[in-house]
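Here's the structure we're looking at; comments come further down.
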């Protein structure tokens, strides 16, 4: 997002810059609200904007004191797409007298992982609820998300940055229930996409250990 901070006046455009990587041009994204440290708030009407045009509407805060730090806060819910997130929600801006500042606000575009957890009951596969599925960064044991399956076995998580991941059913829970998961893990990739990528097929079938033997 391009922000304009001029003299004792604090302004911010309604457009955000989402850097999609790979050397591509950064499109402008609409932001329809912001607030600053005194608590005032604007709710702007979102308007289509061509990525190559720099013209924008500037809601302006007047009569801010120079040499004072102001906290400017942005809200994910004010972005046009639920897959878009502000990398940082709060920015601190020092107001300088008679100067113009540009501030770039980073937007992260996240993806979604969806799937099912089934229980093999010898007759058919039936969705099973309250099964914990953990998502790890590939080649890293760091857990980035935990999903509890719904009553019909459905799992869904929105908030993964582009990259490679591994999904596994929680081994502690499997041991406590006497189940094994097939497959033991699912590898998937969240691709870079302006609208946010969706990785499907994160499915697991649980079987009793006795049946495995």
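For the range 174-213, filtering for residues that are surrounded by fewer than 18 Cβ atoms within 10 Å (Cβ to Cβ), on the phi > 0 side of the Ramachandran plot and within 28 Å of the chain's Cα centre (by Cα) leaves 1. In this structure, residue 91 does satisfy being farther than 30 Å from residue 206 by Cβ and surrounded by 14 or more Cβ atoms within 10 Å (Cβ to Cβ). Within the range 109-146, the set of residues being under 17 Å from residue 163 (Cβ atoms) and free of Cβ contacts under 8 Å to residues at least 60 places away in the same chain comprises 134, 135, 136, 137, 138, 139, 140, 141, 142, 143, 144, 145.
Of all residues in the range 178-213, those satisfying the criterion of being free of Cβ contacts under 8 Å to residues at least 24 places away in the same chain and either under 14 Å from residue 128 (Cα atoms) or in contact with a strand residue (DSSP E or B) (Cβ under 9 Å, 6 or more places away or on another chain) (or both) are 183, 184, 185. Confirm whether residue 96 is more than 23 Å from residue 201 (Cα to Cα) and surrounded by fewer than 16 Cβ atoms within 10 Å (Cβ to Cβ). Yes: the conditions hold for residue 96.
All of (1) surrounded by 13 or more Cβ atoms within 10 Å (Cβ to Cβ); (2) touching a residue at least 12 places away in the same chain (Cβ under 8 Å) hold for residue 171 with one exception: (2).
Taken together, the values in this text are just the output of simple stated rules run on the coordinates, not laboratory data. Bear in mind the structure is a predicted one, so any value in this text is a computation, not a measurement. Positions of Cβ are backbone-derived with ideal geometry, glycine not excepted, and every protein chain shown enters the neighbour counts.
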